[in-house]
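Novice: Have a look at the structure that comes next, please.
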Amino acid sequence: MSETQAPHASLSGEPLMTVQQHILQEQKKFPGASGEFSWLLSGITLATKLIQAKVQRAGLSNILGEHGEINIQGETQQKLDVYSNEVLGHALSVRETIGVLASEENEHPMLVHQGSENAKYAIVFDPLDGSSNIDVNVSVGTTFSILRRPEGASLDDPEAWVLQPGRQQIAAGYVVYGSSTILVYSVGNGVHGFTLDPSIGAYVLSHPDMKMPEQGKYYSVNEGYSASFPPRYQQYIDRLKQGVLGHPYSSRYIGSMVADFHRTLLKGGIFLYPPTTDNPNGKLRLLYEANPVAFLAEQAGGVAIDGTRRVLDIQPESIHQRVPLVVGSRKELADFERFVPTSG
Ligand code: AHG
Ligand code: MN
Ligand code: MN
């Protein structure tokens, strides 16, 4: 048995698989892959451990509250948004295979390792998702999407590296900083979840080969805006409440997409961020919110659309582009597509 296959005994005597071991094992299934991909992902795991440490001590360390700047989205940056963005930027920019980093918090994608022909990957991320929940001790998260440098893409044009449809993601994932910290990722070979064991500082496999239930009990949407949803969305939500799909649905809405999606992945059901009057294209960003979630949903047997189209087939035009999102279990999504055939 090689070092990467050998189960390491945990304190309880159960076999223990860390995310690092898992990545190395997954990588072997792809001929030609080398250790570089696991080195790259280790930048993300390291950064998210630092972010979770800050989130956990947030009330004690003067890190709560607003930073005083408005980001490119026109939204108020929280101190933790800024910290998380810096930590990810630092951890990833020392990985020499990464050529481009793009973040929700930066207007333009950043070229790193300028001039290096070894730079093969672009990483797009939302450093802290659910900022409005930070101050009230509710789950927040980090999302990421990894793309290969397109054939012939020039080092002078970092946008070209990231403006790729989501189906071209070679890996995607997220971390939820919740009652425990969990990392969920896929390299297109199933979805796997790892819980951070604080006693050893390692992400340990806790949810192998995750599958979204065919149907769930919950719908998840900000109903405060329902008067400005396209009417068919409202009618669809009423349909769920009325029990047309076999039972009346319960409502759950956290207001951190990553946490709402994590519940949907585990329990099934449907999450929607529809177009509204204020946000005619919805609020969520295609590249670093909808795409990673859509990739994971499909890998787990679920479905993700923008109301009509498969999210992963959308050709992005700009890095902060927004998109309506409807994601969840097959049964709810099949019914949505039948019942809301032409909504935009
Ligand atoms: P972010 O904190 O990265 O800007 O994202 C917030 C997003 C997303 O997490 C969540 O689903 C949505 O905002 C909630 O928006 P509403 O308050 O409009 O429901
Ligand atoms: Mn977000
Ligand atoms: Mn964010």
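Novice: Mind checking which lysines have their C-alpha under 16 Å from Lys79, skipping anything on the same chain fewer than 8 residues away?
Specialist: The qualifying lysines are Lys54.
Novice: For the stretch 96-121 and the stretch 25-90, what is the separation of their Cα centres, given in Å?
Specialist: Centre-to-centre (Cα) distance: 15 Å.
Novice: Okay, moving on. Taking the Cα centre of the stretch 19-207 as the origin, how large is its charge dipole in debye, to the nearest 20, when only Lys and Arg (+1) and Asp and Glu (-1) carry charge on their Cβ atoms?
Specialist: 820
Novice: Accessible area of the chain with a 1.4 Å probe: how many percent of it is carbon plus sulfur?
Specialist: Carbon and sulfur atoms account for 50 percent of the accessible area of the chain.
Novice: So for the chain, averaging the separation of alpha carbon pairs under 8 Å that are six or more residues apart and normalising by length, what relative contact order in percent results?
Specialist: 14
Novice: What order, most packed first, do the peptides 140-151, 209-220 have when packing is the mean number of other Cβ atoms within 10 Å of each residue?
Specialist: Details: 140-151: 22.8, 209-220: 19.0.
Result, highest mean Cβ count within 10 Å first: 140-151, 209-220.
Novice: Scaled to the compact-protein estimate 2.2 N^0.38 Å, what is the alpha-carbon radius of gyration of the chain, rounded to two decimal places? Write out the running numbers ahead of the final one.
Specialist: Values: Rg = 19.7 Å, N = 344, 2.2 N^0.38 = 20.2 Å.
Taking N as the residue count of the chain, the ratio is 0.97.
Novice: Can you give the accessible area of Phe37 in Å² (nearest 10), computed on protein heavy atoms with a 1.4 Å probe?
Specialist: 30
Novice: Next question, about the same structure. Quick one: if you take sqrt(5λ) for each eigenvalue of the C-alpha gyration tensor of the stretch 218-343, what semi-axes come out, biggest first, whole angstrom?
Specialist: Values: eigenvalues 83, 55, 37 Å².
Equivalent ellipsoid semi-axes, largest first: 20, 17, 14 Å.
Novice: Give a residue-ordered list of calculated ³J(HN,Hα) values for the stretch 85-99 (Karplus: 6.51 cos²θ - 1.76 cosθ + 1.60, θ = phi - 60°; whole Hz; x for Gly, Pro).
Specialist: Going residue by residue, I get 5, 5, 4, 5, x, 5, 5, 7, 6, 8, 8, 6, 7, 8, x Hz, with x marking Gly and Pro.
Novice: Something else now. Quick one: which of 323-329, 105-111, 263-269, 162-168 comes out on top by average Cβ neighbours within 10 Å, and what's the full order, highest first?
Specialist: Working: 323-329: 27.0, 105-111: 16.6, 263-269: 22.7, 162-168: 19.3.
Descending mean neighbour count gives 323-329, 263-269, 162-168, 105-111.
Novice: Here is a follow-up. Sorted by packing (mean other beta-carbon atoms within 10 Å per residue), highest first, where do 68-74, 38-44 land?
Specialist: Going by the mean number of other Cβ atoms within 10 Å, highest first, we get 38-44, 68-74.
Novice: With +1 assigned to the C-beta of every Lys and Arg and -1 to the C-beta of every Asp and Glu, and no other charges, what is the dipole magnitude of the stretch 218-343 about the Cα centre in debye, to the nearest 20?
Specialist: Computed about the Cα centre, the dipole is about 260 debye.
Novice: Let me ask something else about it. With the dipole of the stretch 19-207 worked out from charges on the C-beta (+1 for Lys and Arg, -1 for Asp and Glu) around the Cα centre, which of Gly193, Val94, Ala47 lies farthest toward the positive end?
Specialist: Gly193
Novice: Lys and Arg at +1, Asp and Glu at -1: add these up for the other residues within a Cβ distance under 12 Å of Ala47 and post the number. Can you show the working numbers first?
Specialist: Working: positive: Lys49, Lys54, Arg95; negative: Glu86.
Every neighbour counted, the sum reads +2.
Novice: Considering only protein heavy atoms, what per residue accessible area in square angstrom results for the chain with a 1.4 angstrom probe? Walk me through the numbers on the way to the answer.
Specialist: Details: 14610 Å² over 344 residues.
About 42 Å² of surface per residue is accessible.
Novice: Using only DSSP helix segments of four residues or longer, with each worth -39500 (n - 2.57), what per-residue ellipticity at 222 nm results for the chain after dividing by its residue count and rounding to 500? Numbers along the way, then the final one.
Specialist: Values: 8 runs with 92 residues, N = 344.
Helix contribution divided over all residues of the chain: -8000 deg cm²/dmol.
Novice: Something else now. Determine the dipole magnitude for the chain: charges of +1 sit on the beta-carbon of Lys and Arg, -1 on that of Asp and Glu, nothing else is charged, the reference point is the Cα centre, and the result goes in debye to the nearest 20.
Specialist: Values: 27 positive and 36 negative charges, 220 e Å.
Magnitude of the dipole: close to 1060 debye.
Novice: If you don't mind, there's one more thing I want to ask. Of Lys49/Lys217; Lys29/Lys331; Lys28/Lys331; Lys211/Lys331; Lys49/Lys211, which pairs sit farther than 23 Å apart, going by alpha carbon to alpha carbon? Don't jump to the answer; show the numbers that get you there.
Specialist: Working: Lys49/Lys217 32 Å; Lys29/Lys331 32 Å; Lys28/Lys331 35 Å; Lys211/Lys331 14 Å; Lys49/Lys211 25 Å.
Over 23 Å Cα-Cα: Lys49/Lys217; Lys29/Lys331; Lys28/Lys331; Lys49/Lys211.
Novice: Related question: For every other residue with a beta carbon closer than 10 angstrom to the beta carbon of Ile305, add +1 if it is Lys or Arg and -1 if Asp or Glu, then tell me the sum.
Specialist: -1
The values are calculated or read from the model by the stated rules, or taken from the named source; none is laboratory data. Predicted model only: the values in this text are computed from it and were never measured. Don't worry about glycine lacking a Cβ; one is built from the backbone with ideal geometry, like all the others, and counts go over all protein chains shown. For the accessible areas, the whole protein counts, side chains as well, though only heavy atoms, and no ligand, DNA or RNA atoms are used. Shrake-Rupley method; radii C 1.70, N 1.55, O 1.52, S 1.80 Å.
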